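Step one of this worksheet: look at the structure below.
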Amino acid sequence: MPHPCDTLHELLADDVRAARPWSPELEAHLASCSACAALAQRLEHQVRALQGLASVAAPAALAEAVTRSFGDEARERRAASALASLTAPAAPRDLEGRVVAALHAGARADRAVAELASVAGQGAPRELDLRLELLFDELREEGRLPARTAPDELDPRVAAEVADLEGVAARHLLNKLGRLAAPAALRERVAADLAALAPRRFPLRRVAAGFLAGAAALALWAGLRPGAAQPMQPFATLAQVALESPAALSPEARGVFDASGGGALDDLRRVLPTDGELRGHAGRVGGTGGGGTSGVSSGTSTTATGGASTSTTSARTPIAAAPNGGAPPGQLAVTSSPLIDRISSALTQESVLGHRRVWQTLQQGDLWTPLEYVEAIVTDGNGKFDLQVESVLTPAMSTDELELFALLQSVRSGFDFRSRDFGIRSEPRFWQNYRVVERSTQTIVAGVIATVFDISRLDGTGSRYTIAVDPVTAVVLFEEELSSSGVLLARVEFLDIVYGPDLTNQAFSGGASRAVPFNPADSSSYGFELLRPSAPPAGFTFVRAATISGVPGVSGTWARLTYGDGVDEVHFLFAADSASTQASIAAKNDTLRVYAGGRWNVAEAQVGKWHAIALGKVPADDLALMLQSAVETAP
């Protein structure tokens, strides 16, 4: 507890300036305590001495100094000093990528186009059109303008139709015929026959042999050309199940599909809007694609270029998609191109440092949701590479989600580098299956003048591509992929690029593939029973075979047979060791499950001892038929 004198000292300090007597409590204590009484006497003398002093006026300079200290300049100096002492907060991790994307020439061009589109244009008066038409007619009569002529392609088309008038008339009439529904009795009989064949697959071999013999006799009766390729019909014994989500696939199929890049989009389902919100802003099939450029419904697209290799930006040059994937008027398809043939090895033989904007789509039912991000790419010219996600533009992600997505993409970087983007993976197959149109005008991408090509399948199926290629290095600087119906599926563009950079301290995450090749024709080169499909998708032929292991989520060793058409590839995989086979089919037998995930589809068959997976950028039905042709005719 405090000493009584200490408490009285506080009272004395308050009362000493007043005349005595002071408070009764204080007076009583002073009467009994000589030390406190002496202190009180000293304080009284000090107070009286101070009160007797005359007041001194403050110097004029002091008043001016005080006034200045409260002026505007002084307040600004104090504010600047206070702000300088503050610690600057760190910028959001995705700010740099968003600034780069917003400030490069492509984004500026997008904003300029949007503003111009909002301005209502004034059409020329009808009278002006008539006057110009009359003037042009007069100039043609005087020989100062060439006479009007039909397009070059009109004459051969007319000649072809005149030579086949019966065929033209037949096609015209067939187009007017309506399709008749099958009688109910026929559907019931077919269902009964299929039910009788469905219980097991093994008795199907005898049925299949009879079916094939009957099909051959029917083909001869119909007068089909010998050796003509006919569509293969689905087998009857294996029921096909369409999946709503890849989660219903086996862990092995999910791992393979995830590694293909389709999983990269599926990972985003948990950060995408709800279904109701999604329908409010996501594009439907055939609607606007996104990514800030082309419209899908019209089938047109534009390049989205970025900064030059000197870190300066260059104006975007629009690239309009060719109508229906064909050649623009006045341009012809080419049957060979040294520049096209060099694309296959360009990125592995060139040392490159740059940034690319990647735009892909995630399909959810009939909705297509965009995924857009910026990635850094480095290659050393000797097969090593590194891909790193720098920022995600769409959809919005938290810091944790962005880190997870970047980690998953680093795991998939090998597939992204080798298979995600457009490439010529076999020149002979490419020229057999694809039509190439070289544009007469060039474009500018990342400060590089590039040659533009339109590429599409000769049979009209599959994806259509528009690419812009560096004519010196053959590096594809811009690519846009559309479905055969004109839906925008993907776009990859360089924002900036440097050739021959200094890679002294560069780390590379990727190099040569870890798959072990083998020769299917030489059974001594592999130690397992071979499963091989007999009905790959149309236009796809066998390319290579290898065994793979160590894929995340995939246990054991798997054999992978790859089929290609020159650009796209389809992968057929099956469990090559008994351990992985038994583990994968422990819960499910004799099933065929199919998941359509947008650009990439996957099908999985588990029949008897076999577990097989097929995936690629082909219709899911083609993958299912490919699997059935392997497992239902397997030994």
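Against the criterion of being out of contact with any helix residue (DSSP H, G or I) (no Cβ under 8 Å at 6 or more places or on another chain) and part of a loop (DSSP other than H, G, I, E, B), Thr473 does not qualify. Of the residues examined, Arg68 is not one that is under 30 Å from Gln388 (Cα atoms), at pLDDT below 80 and open to solvent by 50 Å² or more (accessible area, probe 1.4 Å). Of the candidates Arg429, Arg356, Arg342, the single residue that is farther than 24 Å from Phe508 by Cβ, modelled with pLDDT of 90 or more and either surrounded by fewer than 17 Cβ atoms within 10 Å (Cβ to Cβ) or of a type in the set (Lys, Arg) (or both) is Arg429. The residue that is least open to solvent (accessible area, probe 1.4 Å), counting only those in the stretch 381-422 that are free of Cβ contacts under 8 Å to residues at least 24 places away in the same chain and assigned to a helix (DSSP H, G or I), is Ala406.
The residue that is nearest to the chain's Cα centre (by Cα), counting only those in the stretch 486-503 that are assigned to a loop (DSSP other than H, G, I, E, B) and buried (at least 16 other Cβ atoms within 10 Å of the Cβ), is Val487.
Looking for something among the β-branched types (Val, Ile, Thr), open to solvent by less than 40 Å² (accessible area, probe 1.4 Å) and at pLDDT below 90 - is there at least one such residue anywhere in the stretch 468-485? The answer is no; no qualifying residue exists.
Tell me, yes or no, whether the stretch 484-504 has at least one residue that is without any contact (Cβ under 8 Å) to a residue 40 or more places away in the chain, of a type outside the set (Ser, Thr, Tyr) and touching a strand residue (DSSP E or B) at 6+ places or on another chain (Cβ under 6 Å). Within the stretch 484-504, not a single residue is without any contact (Cβ under 8 Å) to a residue 40 or more places away in the chain, of a type outside the set (Ser, Thr, Tyr) and touching a strand residue (DSSP E or B) at 6+ places or on another chain (Cβ under 6 Å).
The set of residues in the stretch 598-618 that are at pLDDT 85 or above, outside any strand (DSSP E or B) and touching a strand residue (DSSP E or B) at 6+ places or on another chain (Cβ under 7 Å) contains only Val618. Return a yes/no flag: does the stretch 397-409 have any residue that is of a type in the set (Gly, Ala, Ser) and modelled with pLDDT of 85 or more. Checked the stretch 397-409: at least one residue is of a type in the set (Gly, Ala, Ser) and modelled with pLDDT of 85 or more. Thr541 satisfies every condition listed in (1) touching a residue at least 60 places away in the same chain (Cβ under 8 Å); (2) more than 28 Å from the chain's Cα centre (by Cα) except (2). Does the stretch 447-461 include one or more residues that are touching a residue at least 24 places away in the same chain (Cβ under 8 Å), assigned to a loop (DSSP other than H, G, I, E, B) and open to solvent by less than 40 Å² (accessible area, probe 1.4 Å)? No: zero hits. The set of residues in the stretch 387-404 being touching a helix residue (DSSP H, G or I) at 6+ places or on another chain (Cβ under 9 Å) and closer than 23 Å to Gln506 by Cβ consists of Leu387, Gln388, Val389, Glu390, Ser391. Tell me the residue from Ala559, Ala507, Ala490, Ala515 that is of a type in the set (Gly, Ala, Ser) and touching a Phe, Trp or Tyr at 6+ places or on another chain (Cβ under 6 Å), please. Being of a type in the set (Gly, Ala, Ser) and touching a Phe, Trp or Tyr at 6+ places or on another chain (Cβ under 6 Å) holds for just one of Ala559, Ala507, Ala490, Ala515, which is Ala559.
Of all the residues in the stretch 378-414, those that are aromatic (Phe, Trp, Tyr) and more than 24 Å from Ala102 (Cβ to Cβ) number 1.
Collect the residues in the stretch 14-39 that are open to solvent by less than 50 Å² (accessible area, probe 1.4 Å) and within 12 Å of Pro4 (Cα to Cα), keeping them in residue-number order. Selection gives Leu26, His29, Leu30, Cys33, Cys36.
A search for C-beta distances below 7 Å between a residue of the stretch 71-96 that is touching a residue at least 60 places away in the same chain (Cβ under 8 Å) and any residue that is part of a helix (DSSP H, G or I) and open to solvent by less than 90 Å² (accessible area, probe 1.4 Å), counting only pairs 6+ apart in sequence or on different chains, returns Arg93/Thr399; Arg93/Leu402; Asp94/Leu402.
For the stretch 144-186, filtered to residues that are basic (Lys, Arg) and modelled with pLDDT under 75, the residue that is most open to solvent (accessible area, probe 1.4 Å) is Arg179. Taken over the stretch 610-622, the criterion of being surrounded by 24 or more Cβ atoms within 10 Å (Cβ to Cβ) and within 21 Å of Asp416 (Cβ to Cβ) is satisfied by Ile613, Ala614, Leu615, Gly616, Val618.
Looking only at the stretch 474-483, which residues are in contact with a Leu (Cβ under 9 Å, 6 or more places away or on another chain) and in contact (Cβ under 8 Å) with a residue 40 or more places away in the chain? If the condition is that a residue be in contact with a Leu (Cβ under 9 Å, 6 or more places away or on another chain) and in contact (Cβ under 8 Å) with a residue 40 or more places away in the chain, then Ala474, Val475, Val476, Glu480, Glu481, Leu482 are the ones that fit.
The values are calculated or read from the model by the stated rules, or taken from the named source; none is laboratory data. Quick caveat, the model's predicted, so the values are computed rather than measured. Reconstructed Cβ throughout: ideal geometry from the backbone, glycine too, with neighbour counts over all protein chains shown. Protein only, heavy atoms only, side chains kept; ligands, DNA and RNA dropped before computing areas. Shrake-Rupley method; radii C 1.70, N 1.55, O 1.52, S 1.80 Å.
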